[in-house]
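Down below is the structure, laid out as C-alpha cells.
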Amino acid sequence: MARIETPKRIRGTQDIFGEEQRRFARVVDAFEYVRRLYCFQRVEVPIFESTAVFARSLGETTDVVSKEMYSFEDRGGDSLTLRPEFTAGIARAYLTEGWQQYAPLKLVTHGPVFRYERPQKGRYRQFHQIDAEIIGAPEAAADIELLVFADQLLRELKISDGVTLQLNTLGDAETRDAWRAALVTHFEQHEGDLSQDSKDRLTRNPLRILDSKDPKDRPIADAAPDIDSYLTSEAGGFFESVAKGLDAAGVAWTRNSRLVRGLDYYRHTAFEFVTDRLGAQGTVLAGGRYDGLIGSLGGPETPGIGWAAGIERLAMLLDEPDAENFEVAVVPDRAEFEERAIGIVAQLRRAGISCDLAFRGNAKRRTELAIKRNAGAILFLRDENEPSGDLYLKYLGNDIEGVRDIAARVQTALGVSNLYSGTR
C-alpha cells in the first residue's frame, strides 16, 4: 500500500497557536476596545471581490495589482480576486449597499488579506489587518479623529514608545498636479541614473520614486522639489488644521515631506507610524485621505480617509502575554462521581465561572494538570462522609480575599449553603 504523504503548509501562510495566538488576540481585543471608545461601527465585507474593484481602486500599474494579487476565474467565467486590502471593498459596499444615507460613516473591520510577495519576517502571503475608515467627512476633524484613534490604540497595546507618527500633506488636486509635473521634470533630468524600477514609475507613478529604497535613487529623490512650494492656500490651511488638532489632542508627530501615496485619488493627509524595532519593515500603521477613490469606482465624489495595520507586525512589538488561565478546575475523587462532575461544570459555566474538567485521569493526575494550566482553584468532589463535606474548594493563590470571592461565587452558582475552602 502506497504511503500517504502528509500535506504541507503553503509557503507564506501560518498556523497561529499558543503565544502567537495570544499576541494576535491581544491586538484584536485592544482594537475592539478602542473602536468602541471612538464610536466606530464594525463592518464585514467579502473576502473576495470582482477583480475590477481592486484594479480600478489600486491602479492597474501598481505592484499590488500587477504582481501581487491572487486573482482567478470562477466557474461562471468572472474574474475574482482575494482582497489585498480592505478600503476598496468597503468603498464598493458604500456604493452598492446604499450606505450614503448614513454618512459620515465611521467604520472598522479586521481579518485576512492576501498578497503574493516574498515571505519575510512579519510579512506573509495570507496576513491579517485591522482597518479603520471615515467616509463622507471632508473636514480635517476626521483626519484628526483617525490619527488620535491610532495613537490611542498603540498606547493601549503599550507599544507607543519608540513609534513615531510621520505626517505629510499631498495637497488638493491643483497642488498635486503642479507638484507631479515638477517631479517628472526633475526625474527626467536624471533618468539615466535612476534604478529600473524608478524608470518604470516615472511615466506611471512618479511620486513613488520619492520613497524608493534603492541606493541609486536616494540622492536624486532627496534633491526633488518639496510639495510645500506648490501648496494652494486651501491645502496649506487644511494641513495646518490637522497639525493643530493633533497638538491639541496631545499626539506627537513629525513632518516627513517625502512621505507619499502614489495614486491620483489620494489627497491631503498621508501618514505612517514608524518604529526601528522591526528592521527594514518599520511601518506598523499607515493611511491617508482618499477623496477621489469612490469617484474612481463610478460613484459621486465622496471624501474619505482611512488606515490599516498588520496584526502580525503589531503583535511582534508586544511584551510576552500571560498564558490564559481559568477560574475553577473540577476534580472528582472517584470514577463514580464523574457524571455529577459534568453537571457541576455545566452549572458553574452557566453562572459565568470559567471552569474545566479533564477528560481522563485519576484525581492526582487531574490535579497536576489543573495546576499546570493555571487554574485559579480546584473544586474536589468527595465522598459525602468526609468531615468537611462532599465539596472542597482549594484556592491556588495566596490571598484570602481571592479565596472568599471564588468560594462565594461557586457557592451561589451551585446553590449550596456550606462549602469548605482553603488555600494551597
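The values are calculated or read from the model by the stated rules, or taken from the named source; none is laboratory data. Fair warning: this is a prediction, and the values are worked out from it, not measured in the lab. Don't worry about glycine lacking a Cβ; one is built from the backbone with ideal geometry, like all the others, and counts go over all protein chains shown.
Name, by its number, the condition in (1) outside the structural domain of Glu49 (by TED's automatic domain parsing); (2) in contact (Cβ under 8 Å) with a residue 40 or more places away in the chain; (3) buried (at least 17 other Cβ atoms within 10 Å of the Cβ); (4) over 30 Å from Tyr94 (Cα atoms) that does not hold for Asp217. Unmet condition: (2).
Taking only the range 139-166 into account, find how many residues are assigned to a loop (DSSP other than H, G, I, E, B) and touching a Ser or Thr at 6+ places or on another chain (Cβ under 6 Å). Here the count works out to 1. Among the residues of the range 363-390, those identified as more than 12 Å from Val330 (Cα to Cα) and of a type in the set (S, T, N, Q) are Asn374, Asn385, Ser388.
Screening Asp214 against (1) acidic (Asp, Glu); (2) part of a helix (DSSP H, G or I); (3) farther than 21 Å from Gly288 by Cα leaves a single unmet condition, (2). Residues in the range 288-342 that are touching a residue at least 60 places away in the same chain (Cβ under 8 Å) and under 30 Å from Asn385 (Cβ atoms): 2 in all. Applying the condition of being among the β-branched types (Val, Ile, Thr) and buried (at least 17 other Cβ atoms within 10 Å of the Cβ) to the range 220-250 and asking which residue is farthest from Asp177 (Cα to Cα) yields Val242. Report yes if Ala224 is within 32 Å of the chain's Cα centre (by Cα) and of a type in the set (Gly, Ala, Ser), otherwise no. No; evaluated as a whole, the condition is false for this residue.
Checking the condition in the same structural domain as Phe40 (by TED's automatic domain parsing), over 29 Å from Ser57 (Cα atoms) and either among the hydroxyl-bearing types (Ser, Thr, Tyr) or not in a helix (DSSP H, G or I) (or both), which residue from Ala308, Ala248, Ala252, Ala270 passes? One residue alone meets the criteria, Ala252. Taking the listed residues Glu336, Glu320, Glu327, the one that is assigned to a helix (DSSP H, G or I) and either at pLDDT 95 or above or surrounded by fewer than 19 Cβ atoms within 10 Å (Cβ to Cβ) (or both) is Glu336, with no other qualifying. Which condition number in (1) within 21 Å of Tyr290 (Cβ to Cβ); (2) at pLDDT below 95 is the one that Gln120 fails? Going through (1) within 21 Å of Tyr290 (Cβ to Cβ); (2) at pLDDT below 95 one by one, Gln120 breaks only (1).
Only one entry of Glu73, Glu139 meets the criterion of being farther than 15 Å from Ala286 by Cα, touching a Pro at 6+ places or on another chain (Cβ under 9 Å) and free of Cβ contacts under 8 Å to residues at least 24 places away in the same chain, and that entry is Glu139.
Consider the range 139-176 and keep the residues that are closer than 23 Å to Leu105 by Cβ and of a type in the set (Gly, Ala, Ser). The one that is nearest to the chain's Cα centre (by Cα) is Ala150. Residue under question is Ala358, and the condition is that it be in a loop (DSSP other than H, G, I, E, B), more than 30 Å from Ala142 (Cβ to Cβ), touching a residue at least 60 places away in the same chain (Cβ under 8 Å) and not aromatic (Phe, Trp, Tyr); does it hold? So Ala358 does not fit the description; no. Put simply, of Ile294, Ile311 the only residue that is within 24 Å of the chain's Cα centre (by Cα), of a type in the set (A, V, I, L, M, F, W, C) and either at pLDDT 95 or above or over 30 Å from Ser241 (Cβ atoms) (or both) is Ile311.
Of everything in the range 167-190 that's assigned to a loop (DSSP other than H, G, I, E, B) and at pLDDT 90 or above, which residue is farthest from Asp319 (Cα to Cα)? Residue satisfying both the conditions and the ranking: Asp172.
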